[in-house]
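Bear in mind these aren't lab numbers, they're just calculated from the coordinates by the rules spelled out. Fair warning: this is a prediction, and the values are worked out from it, not measured in the lab. Reconstructed Cβ throughout: ideal geometry from the backbone, glycine too, with neighbour counts over all protein chains shown.
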Amino acid sequence: MAARSSCFWLAGEWWGCGQEFGIVPLSRERIYWFAARNVPEGEEDLPSGRKQALLKPFQGWYPASPALIQATREDAILRNGIYDRPPLMAWSRGRVTLLGDAAHPMTPNQGQGACQAVEDAVVLAASLRASGSIQQALQTYQTTRLPRATLIVTRSHQLGALVQRPGRLACWARNTLMRLLPAPLRLKQLEPVITYEV
């Protein structure tokens, strides 16, 4: 969602039990926000009243949460299910290959979906330039990209499972662990995501 705002907010993400809320400033006037909640699979989307459906569960959270929901037009609030599947063991067969979400769909918990597709494109182009045959190029691309993409898919899944924990005891354990984990160690977890040489 993008909402108009008269002030500049800091980026952040707040975790609850089975739900989360995130804010990413786009400019001084616009903010991207997202809300996620555990709901039964196949739950019907409301034809109207999406704003009210979000205001109730996020009331009392970080003060900006209800304000941002309220400031967003009803028709700008989108609802999308998040589905996950295990990583594929292979992407290429003969002269055909997959890249991006077709090869490695992932939960949005690390914001890496588009980033990984760009990395795929760079490695695929380099493999095609360096190889004499398309089949060999596709195998080189797969061999180069599969381990990293699988790592990112797996980490996104693990982070999503941690963030979306239902139940008070599980949430307390998660929050306690995050408070006790030193900041340098938390940042170190991001290294495989943000550092990559092609």
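For the reader, a short list of remarks on this structure follows.
- Sequence-separation-based contact order of the chain, relative, with Cα cut under 8 Å and 6+ spacing, percent: 20 percent
- Alpha-carbon Debye profile of the range 5-122, log10 I(q)/I(0) at 0.20 Å⁻¹: -1.18
- Pair Phe34, Ile82: separation of 7 Å Cα→Cβ label points (nm): 0.6 nm
- Spherically averaged projected area of the convex hull of Cα atoms, the range 27-72: 4.0 nm².
- Helix content alone sets the calculated 222 nm mean residue ellipticity of the chain: runs of n ≥ 4 DSSP H residues at -39500 (n - 2.57) each, divided across all residues, give -14000 deg cm²/dmol.
- Using distinct alpha-carbon pairs, which all enter the 1/r mean, Kirkwood radius of the range 138-198 in Å: 13.7 Å
- Radius of gyration over Kirkwood radius for the range 100-194, both on Cα atoms: the Rg/Rh ratio is 1.13.
- Computed over the chain, the P(r) tail beyond 23 angstrom holds 56 percent of alpha carbon pairs.
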